[in-house]
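Notes follow once the structure below has been shown.
Only the coordinates and a few stated rules stand behind these numbers; no lab work does. Remember, predicted model here, so these are calculated numbers, not experimental data. Cβ coordinates were reconstructed from backbone atoms using ideal geometry, including for glycine residues, and neighbour counts include every protein chain displayed.
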Amino acid sequence: MRKTLLLTGLLGVVAFSQPVCAQTTSPDWLIVGQNINPANYYGITVANGMVGLVSSPEPMKVKDVVLNGAFDTYGRGRVSNILKVFNFANMNLDVDGTRVGPKDISNYRQTLDMQKAALTTTFDYKDKVSVRQTMMALRHLPFSELTMMEITAKKDCDIIPASVIETPDNLREVKNLYSEIDRSHVTIRLLTSVAKSPTGRHTVAASTSFIFEEPHGQEPDVIHEDWDYNMHLAKFKKHLKAGETYRFSVVGSVSSTAHTADPLNEAERLTLFAALERNDRLLTRHRAEWDKLWQSDIVIDGDPDAQRAVRSAIYHLYSFSRAGTAYSLSPMGLSGLGYNGHVFWDTELWMYPPLLTLKPELAKSLLEYRFERMSMARQNAFSHGYKGVMFPWESDSDGQEATPVWALTGPFQHHITGCVGWAFWKYYQVTGDKEWLRTRGYPMLKEVAEFWASRVEREAPGKYHINNVIGANEWQENIDDNAFTNAMAKTSLNYAIQAAQTLGITPDADWKLVADNIPILKFPDGVTKENRTYDGVQIKQADVNLLAYPLRVVSDEAAIRRDLDYYSPRYSPEGPAMGWSVLSTLNARLGNTDKAYEWFQRSYKPNEVPPFGVMAETAGGTNPYFATGAGGMLQSVMNGFGGLEITDAGIVQQKARLPKQWKSLTIKGYGPQMKTVVVK
């Protein structure tokens, strides 16, 4: 099997070599898109946990700008969707009076430097100029981005660069503003737009400013043009001589009333701050933050394609999350508007574990998201006739059920409440933070336990059923005693008991009674039965196999093998990426490294789309970046081949076996103690 990724034909061309972002960056940190076909293009994202900028096949454009935490009701399903906000990172360039466009350029190339979290685009315009643009969502400034421009003249020419703010169709009551703030040492020019969200719930604002390298008083004159309702720009003119290179930058910020009471002034203040910090200070702090993140990394020797895919997965999870917040992760992160930006079990079971292992401080923010929305989950339980907390299948910024009514997963996919409780105990296992357990972990686990105690139907000893649910295999609806739902209920009840005892609290005796009496059904041959009426039909994704990993409800090796042998052939080829990663993890733990490697590759390679190889949800899918799949794939590496396991003793390493394609696996900087393990 080929080790370097070169997708042709249907998938276009992907290459991962030839550094162009910076000479100091090793090629294995670069993802390069070239031979770009606009008709078959899926963008790559630069993000900082708050703002996501999705690349475009058009030169100097951005496809989408996603702002974390800002939701309103519009579009699909009469439910709240994450807002598409002002595109404030777009630029125009006129050369000798002609607008540069995709038809007139050559040598178009886009390169993501994952180490520096910067996307560089280079191209030539006719025989007149070469352009280099580098864009990043500043890691230290959560609401701000920086674009650095470098234009080199091949012959004498006049250039007119423009910073553009465009308004998406979903925003209304748009006001476009321009102002100049003069000081003795500098002039700050602010290009600003402000608008209302579709229902008027939120106000959204964005602002940009140029950073010129010329001394004060020698900068070019800036002209503001208000073209129409949806777009305005600030531009300047410069004459270049052949061989001359001109450099300037644009900083921009975006905010909303989901983040601050006065987003218009806040966006302008943040932009002004960034503009006066200037490039060197902005870059130094941005790169320092990413250097801290990359202290926790995975290095694979001997398999360049796997190394690139694994590092891309880590990069995206780091990009989509942020410490010190109460924001969680949507399946598509900040790479677009997929799944309306809602939060599912994808966070707790798939994306959260690798973040908890590598960066507990990032994982903590995902838990805080759930904790701050407990009151809504409590109301949801009450509305359905239960006690405790009942978390929504699709959660929005308020934590309400945001699943469209026609999707039955909203009222019936109850295992997510167990997943939340499971994740809370895992954080304590990793960190040992007893004060957090007292103020956050146990209050959550207690209410999760109360939900399951009220949710079961108590027929007789050993027969406490959880009926009328949808399990992880969503293709079977309104079933009874689903294996994963029952197992997660048992597990989270036991974790609540353990949390109480850790804090010296006497747990409710009913919790153990319920946990001990929830059945895990079996076929006559001992294979775990997916649900009470399951008859062997094809399944969408992992369900029963999750009982062996990440749960330990099925722990006997023979039982794990029986379940794998039975359910692996029943996985649908149309299922999502993370299903295959479970099969990989379990096979790796059983020592079946060839099979584990096969499933590992299947968890990402068929889902890659051009020109960057970003991961879609399914093979042949078109909705990147599927961060859920990235989380599953990373678990197959760390918890499968790497042998890491989260236990009451913290993160420990069990027996680890590498596929023959790998010379070594190094997991750097994991856990609170920043440990490193090398497997050979």
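The table below lists the values:
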quantity: Relative packing of 426-436, 646-656, 477-487, which averages over residues the other C-beta atoms within 10 Å, highest first; calculated: 477-487, 426-436, 646-656
quantity: Residues of type lysines that Lys668 reaches as a straight line, Cα spacing below 29 Å, ignoring anything fewer than 8 places off in the same chain; calculated: Lys3, Lys116, Lys292, Lys359, Lys364, Lys426, Lys434, Lys595, Lys605, Lys655, Lys660, Lys680
quantity: Karplus (6.51, -1.76, 1.60) ³J(HN,Hα), θ = phi - 60°, over the stretch 243-248, in Hz, Gly and Pro reported as x; calculated: x, 7, 10, 10, 10, 7
quantity: Fraction in percent of alpha-carbon pairs per bin - 5 Å, the stretch 585-650; calculated: 4, 19, 23, 18, 15, 12, 5, 2, 1
quantity: Potential lengthening between Asp156 and Asn467 on full extension [0.36 nm per residue; Cα-Cα distance subtracted]; calculated: 104.4 nm
quantity: Loop sites in the stretch 198-287: trypsin sites (Lys or Arg not before Pro), DSSP, at most 11 other Cβ within 10 Å; calculated: Lys241
quantity: For the stretch 499-566, radius of gyration divided by Kirkwood radius, i.e. Rg to Rh on alpha-carbons; calculated: 1.09
quantity: R0 of 22 Å, Cβ-Cβ distance Trp406-Asp480: FRET efficiency to nearest 0.05; calculated: 0.45
quantity: C-alpha center-to-center spacing [the stretch 191-237, the stretch 159-175] in angstrom; calculated: 8
quantity: Cα pair distances in the stretch 425-469, grouped into 10 Å bins until the bin that holds the longest one, percent each; calculated: 25, 34, 24, 17
quantity: Shape category assigned to the stretch 415-513 from the gyration tensor of Cα positions, a/c cut at 1.5; calculated: oblate
quantity: Contour excess over end-to-end distance, with Cα ends at Asp127 and Ala619 and 0.36 nm allotted per residue; calculated: 173.0 nm
quantity: Residue-by-residue Karplus 3J(HN,Hα) for the stretch 640-649, coefficients 6.51, -1.76, 1.60, Hz, glycine and proline x; calculated: x, 5, x, x, 6, 9, 8, 10, 5, 8
quantity: Value of D in µm² per second that Stokes-Einstein yields for the stretch 179-255, Kirkwood Rh from Cα pairs, at 37 °C (0.692 mPa s); calculated: 224
quantity: Ascending count of other beta-carbon atoms within 10 Å, so fewest first, for Tyr339, Tyr315; calculated: Tyr339, Tyr315
quantity: Quotient of C-alpha Rg and 2.2 N^0.38 Å, computed over the chain; calculated: 0.99
quantity: Normalised contact order of the stretch 38-152, rounded percent, pairs of Cα under 8 Å and 6 or more residues apart; calculated: 21
quantity: Ranking of Leu334, Leu658 by count of other Cβ atoms within 10 Å, fewest first; calculated: Leu658, Leu334
quantity: Shape category assigned to the stretch 230-323 from the gyration tensor of Cα positions, a/c cut at 1.5; calculated: oblate
quantity: Three-way shape call for the stretch 156-202 based on the alpha-carbon gyration tensor, with the a/c threshold at 1.5; calculated: oblate
quantity: Estimated FRET transfer efficiency (Asp433, Asn279; beta-carbon r; R0 35 Å; 0.05); calculated: 0.35
quantity: Ranked list, fewest to most other Cβ atoms within 10 Å of each Cβ, for Ile300, Ile520; calculated: Ile520, Ile300
quantity: Computed over the stretch 36-293, the ratio Rg/Rh where both radii use C-alpha atoms and Rh is Kirkwood; calculated: 0.95
quantity: Using distinct alpha-carbon pairs, which all enter the 1/r mean, Kirkwood radius of the stretch 296-432 in Å; calculated: 15.7
quantity: J(HN,Hα) series, the stretch 606-618, from Karplus relation 6.51 cos²θ - 1.76 cosθ + 1.60, nearest Hz, glycine and proline x; calculated: x, 9, 7, 10, x, x, 9, x, 5, 8, 8, 5, 10
quantity: Under 5 Å, built H, 5+ apart or other chain: amide partners of Asn623; calculated: Glu617, Thr618
quantity: Built amide H within the under 5 Å cut-off of Leu337, gap 5+; calculated: none
quantity: Length released on extending from Gln218 to Lys522, taking residue separation times 0.36 nm less the Cα-Cα span; calculated: 101.5 nm
quantity: Relative contact order of the stretch 120-247, pairs being alpha-carbon contacts under 8 Å that are 6 or more residues apart, as %; calculated: 27
quantity: Residues whose placed amide H lies under 5 Å from that of Ile211, excluding near-sequence neighbours; calculated: Ser249, Val250, Val251
quantity: The stretch 36-293, relative contact order in percent, only Cα pairs under 8 angstrom and at least six apart counted; calculated: 19
quantity: Rg followed by Dmax, in Å, when the stretch 114-200 is reduced to its Cα trace; calculated: 17.3, 51
quantity: Pairwise centroid distance, computed over Cα atoms, of the stretch 366-390 with the stretch 539-613, Å; calculated: 31
